[in-house]
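Quick note: the coordinates plus some simple rules give every number you see, no bench work behind them. Owing to the predicted nature of the structure, the values given are computational and were not obtained by experimental measurement. Heads up, the Cβs are rebuilt from the backbone with ideal geometry, glycines too, and the neighbour counts pull from every protein chain shown.
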């Protein structure tokens, strides 16, 4: 018997949920760990830049804008990398 979620996905043309093997889950987790590390580095750099900016509101805004942009970029790349892996898993 299908769940309500599976039925809704079918109606909307979505693909059913795929179960991944332990090695596949580990590969996806490795991508997450790599990008989590990059996010942490970006945040640390932004903190350092904020300290250097002292109390200059324009510089502080610039640092925050750069961090926001970099975090969005990293999240986009994380999802693209994970989607590539998922496509490889489906092809296998």
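Here are the numbers for this structure:
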quantity	calculated
Counting all C-alpha pairs of the chain, share separated by more than 16 Å (%)	67 percent
Calculated over the stretch 37-86: convex hull of Cα atoms, volume per residue (Å³)	42 Å³
Burial ordering of 34, 44, fewest other beta-carbon atoms within 10 Å first	44, 34
